[in-house]
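Have a look at the structure below before the remarks.
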Amino acid sequence: LETRLQADSQLPAVTKDGVRITLLANSGLQADVLPGLKYGAEGIGLFRTEVPFMIRSSLPSEDDQEIIYRNLISHYKDKPVYFRTLDIGADKPLSYMPVVKEDNPALGWRGIRYTLDNLPLLITQLRAILTAAAGNEQVHLMLPMIASTEQLDQCLAVLHEVHQQLVDEGVPVCLPKIGIMVEVPSCIALLPFWRKKLDFISIGTNDLSQYLLALDRNSPLVGKWYDPLHPSVLHELMRIATTSKQMNLPVSVCGEMASDPVAVLLLLGMGIQQLSMSAAKIPLIKWIIRTVTQAETEALLAQVLQQDNATAIRQLGEQFLASKQ
Ligand code: PEP
Ligand code: MG
């Protein structure tokens, strides 16, 4: 099977009834940039910029960062690359940045909440990304943990200020497409208000599930209850998919769900046509996509949305997959 999957890795991810799905790779380290291409990734759907920061002992300069970002872009010429701004703080502290001990780190000073309070950090990173993006129309910028209009507006203001600053300095730049991670549940109801502000959204199902279920995804005690196939998560994903379709807003999924075969069937059923995952999972997911029709995934989803528990949902999905072998 492994050889077969590998052989098919350069074929397009298209359902039997012709729906084209874009498969991208998640990345954070230089080391997983090239495997992405080997496994047939059509771009980088989530570059976790905090990773290069975390493996260093001091803050990378603007130039250091620009080199990292430029290198990534150069390997994915003419392919989309989605840079997520720093998602640090709380449980992902940087040894060389201020930390505050909090009772609930997952609900605390992390992601955009952290960088908006440490603006020089955000500004330096944006300068490096915009400069590295010069001459490239395929660079995307993604904001983590956005939960309010005030936060989004503040980020956009900083972005446009940085852009203007670089233009004034005569530095060649490109303004990336701008989007948010949909991972804090409070942003869902706000999406319709943000049509003019966003070029795309990417659903971070890891955190979204954690926050919808009020379950620490890493806890040894309650982690056993954590399941993105929980009906409440699926109904919420359906709402996001429907909203983005109505808004004509491109949507992708970049959490772990995007590489779970059963979940992928359901995401397809919802009309989601872009998935980003760890590169090694791409061949299997592509193979699944190539064995189903969109109509089948819609029928499966309709059945799944009638269920009141994740166990029954997983069973339905697995039965469906077994019937395809
Ligand atoms: C997510 O929350 O689903 C996500 C992709 O981001 P991370 O796992 O880096 O928090
Ligand atoms: Mg997240």
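Return yes or no: is residue 268 closer than 30 Å to residue 7 by Cβ, away from ligand 1 (no atom under 16 Å from the Cβ), touching a Pro at 6+ places or on another chain (Cβ under 8 Å) and among the aliphatic types (A, V, I, L, M)? Reasoning before the result, please.
On the way: closer than 30 Å to residue 7 by Cβ: yes; away from ligand 1 (no atom under 16 Å from the Cβ): yes; touching a Pro at 6+ places or on another chain (Cβ under 8 Å): no; among the aliphatic types (A, V, I, L, M): yes.
No; evaluated as a whole, the condition is false for this residue.
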(request) Looking only at segment 167-224, count how many residues are assigned to a helix (DSSP H, G or I), of a type outside the set (Val, Ile, Thr), over 18 Å from residue 252 (Cα atoms) and more than 12 Å from ligand 2 (Cβ to nearest atom). (result) 7
(request) Could you grab me the full set of residues in segment 213-225 that are within 12 Å of ligand 1 (Cβ to nearest atom) and surrounded by 13 or more Cβ atoms within 10 Å (Cβ to Cβ)? (result) 217
(request) Would you please name the residue that is surrounded by the most Cβ atoms within 10 Å (Cβ to Cβ), looking only at residues in segment 134-163 that are in a strand (DSSP E or B) and touching a Leu at 6+ places or on another chain (Cβ under 8 Å)? (result) 142
(message) Show the residue pairs meeting these rules: Cβ distance below 6 Å; 6+ apart or different chains; first residue within segment 253-269 and touching a residue at least 24 places away in the same chain (Cβ under 8 Å); second residue more than 16 Å from ligand 2 (Cβ to nearest atom) and polar (S, T, N, Q).
(response) 265/297; 268/297; 269/297
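Output the helices (runs of 4 or more DSSP H) that fall wholly within segment 231-325 and possess 3 or more residues being surrounded by 17 or more Cβ atoms within 10 Å (Cβ to Cβ) and out of contact with any Gly (no Cβ under 9 Å at 6 or more places or on another chain), or say none. Even if it seems obvious, please write down each step before you answer.
Numbers: elements: 231-247, 261-269, 282-291, 294-304, 310-323.
Ranges flagged: 231-247, 261-269, 282-291, 310-323.
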(request) Among residues belonging to segment 54-67 that are at pLDDT 95 or above and of a type in the set (A, V, I, L, M, F, W, C), point out the one that is farthest from residue 128 (Cα to Cα). (result) 59
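The values are calculated or read from the model by the stated rules, or taken from the named source; none is laboratory data. None of the values given here were measured: they were computed from a predicted structure. Virtual Cβ from ideal backbone geometry, glycine too; neighbours counted across all protein chains shown.
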